[in-house]
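> I have a structure here, written as structure tokens, and I will follow up with some questions on it.
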Amino acid sequence: VKMRLKARSERSLCQPVLDHFDQQYREELGDLTVLLDPQSWQYGVMLNRFTAVTGIAQILQAQGFSTLLFPPLSLQCYIHPCLLRFPSQAHRPGQLKQYYLLNAASLLPVLALQVKDGEKVLDLCSAPGGKAIAIMQSASPALLCCNEPDLHRRDWLAKTLESFLPHSLNSRVIVSAQDGRCFGQSEAGLYDKVLVDAPCSNDRSWLYSCSSQQGEQRLKERAWLPSLQAQLLRSALLAVSPGGTVVYSTCTLSSFENFAVVETVLKDFPEAEPEDLWEEIAIPLSKYFTFSCNPSHGQTTQELGILVVPQPGKTWGPMFLARIRRWK
């Protein structure tokens, strides 16, 4: 992979992670130069339906933003054809934010989850809370349990929920602090839908580690992450009720943390099976995102999940997602 960073970028690459990035992904996915240029990254704007957004929508449209449609979801997300980033809004206690800035591909796991009004939903690895907010923008579940065991990240999650959801939803949106690996045993079969947005070797942030020492530490973490991810996915499959679905997602390109984790866990759950997202999501949204089914792993991986690969002009992702239905 020819990896060059434009001089205008203010962030410095972490060489150990960069070397590993090149070695792992070159043969699998080809040229990923766009990930090495933060100046080329695009950002979406998700409006908050719980506050007045008419003025914001008009400003976005006047600046050339257009609506990114996620049928049948009702959430409003705007994207720009150029590399234009809308300004963020500061957290103000007691006052709701009008919009949330995000990588638009991060909405795809919520789309795959297919949350319906009145369902009980578990967001197993919820912080910082963007997907929880998207769930509440698109449906009215009877319960949304946002789980986060880490204290610092849980505070971040609580602040996000406070910034986007009215107090009237406090009884239906709760924050839990359980170890996600044990959640399925303590609350077995209680949820209609479970989202596992798992901790992963985030290819955007990890490429810009602060030091070579931190980069080396993150490469060590990469080695044990698939084991943690598999434990979380197993826990989710125990927490979901018969007939319910689990969506597993990451923001890494690593096949070891994506397809391989799903394949490994399914061997332990003969009562569960993956659902093909290619026809449902990849084909209808190919105008906006570049998808891969990782053909290097054979013909069956398309059924195990889909991967959003950042490309010039479509710098969304990385985002892997897989949906699994538990039948009994």
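The values are calculated or read from the model by the stated rules, or taken from the named source; none is laboratory data. Source: prediction; values computed, not measured. Neighbour counts run over all protein chains shown; Cβ positions are idealised from the backbone, glycine included. Areas reflect the complete protein model, heavy atoms only, side chains present, ligands, DNA and RNA absent. Shrake-Rupley method; radii C 1.70, N 1.55, O 1.52, S 1.80 Å.
> Yes or no: L228 at pLDDT 90 or above and closer than 29 Å to S12 by Cβ?
Considered against the rule, which asks whether it is at pLDDT 90 or above and closer than 29 Å to S12 by Cβ, L228 comes out as yes.
> Would you confirm whether any residue within region 151-159 is in a loop (DSSP other than H, G, I, E, B) and modelled with pLDDT of 95 or more?
The answer is no, given that none of the residues of region 151-159 is in a loop (DSSP other than H, G, I, E, B) and modelled with pLDDT of 95 or more.
> In addition: If I filter region 78-100 for residues that are of a type in the set (S, T, Y), open to solvent by less than 60 Å² (accessible area, probe 1.4 Å) and within 27 Å of E275 (Cβ to Cβ), do I get at least one hit?
Checked region 78-100: no residue is of a type in the set (S, T, Y), open to solvent by less than 60 Å² (accessible area, probe 1.4 Å) and within 27 Å of E275 (Cβ to Cβ).
> Any chance region 236-252 includes a residue that's open to solvent by 40 Å² or more (accessible area, probe 1.4 Å) and in contact with a Lys or Arg (Cβ under 7 Å, 6 or more places away or on another chain)? Let's see the steps before the verdict.
Here is the first cut: in region 236-252, the ones open to solvent by 40 Å² or more (accessible area, probe 1.4 Å) are 238, 242.
With in contact with a Lys or Arg (Cβ under 7 Å, 6 or more places away or on another chain) added as a condition, the list becomes 242.
The answer is yes; a qualifying residue exists.
Conditions (1) over 22 Å from R204 (Cβ atoms); (2) aliphatic (A, V, I, L, M), marked per residue:
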| position | (1), (2) |
| --- | --- |
| D37 | no, no |
| I56 | yes, yes |
| L84 | no, yes |
| P87 | no, no |
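> Please name all residue pairs, on different chains or six or more residues apart, with Cβ atoms under 8 Å, provided the first residue is in region 13-34 and is under 20 Å from C293 (Cα atoms) and the second residue is β-branched (V, I, T) and modelled with pLDDT of 70 or more.
Close Cβ pairs satisfying both conditions: L29/V309; L32/V309; V34/T315.
> Among (1) farther than 24 Å from N147 by Cβ; (2) at pLDDT 95 or above; (3) open to solvent by 10 Å² or more (accessible area, probe 1.4 Å), which single condition is F289 missing?
The failed condition is (3).
> Further question on the same structure: Take region 115-127 and flag every residue that is under 18 Å from F50 (Cβ atoms) and open to solvent by 30 Å² or more (accessible area, probe 1.4 Å).
Within region 115-127, just D117 meets the criteria.
> On to the next question. Could you tell me which of the residues S168, S176, S163 is out of contact with any Lys or Arg (no Cβ under 7 Å at 6 or more places or on another chain), modelled with pLDDT of 95 or more and surrounded by 14 or more Cβ atoms within 10 Å (Cβ to Cβ)?
S176
> Moving to a separate point now. Can you find a residue in region 104-114 that is within 20 Å of the chain's Cα centre (by Cα), open to solvent by 40 Å² or more (accessible area, probe 1.4 Å) and of a type in the set (S, T, Y)?
No, the conditions are met nowhere in region 104-114.
> Exactly one of these conditions fails for H167: (1) in contact (Cβ under 8 Å) with a residue 12 or more places away in the chain; (2) closer than 29 Å to G55 by Cα. Give me its number.
(1)
> Within region 171-268, which strands (runs of 3 or more DSSP E) (wholly inside it) include 2 or more residues that are over 20 Å from the mean Cα position of the chain (by Cα) and not charged (D, E, K, R)?
In region 171-268, 240-250 are the strands (runs of 3 or more DSSP E) which contain 2 or more residues that are over 20 Å from the mean Cα position of the chain (by Cα) and not charged (D, E, K, R).
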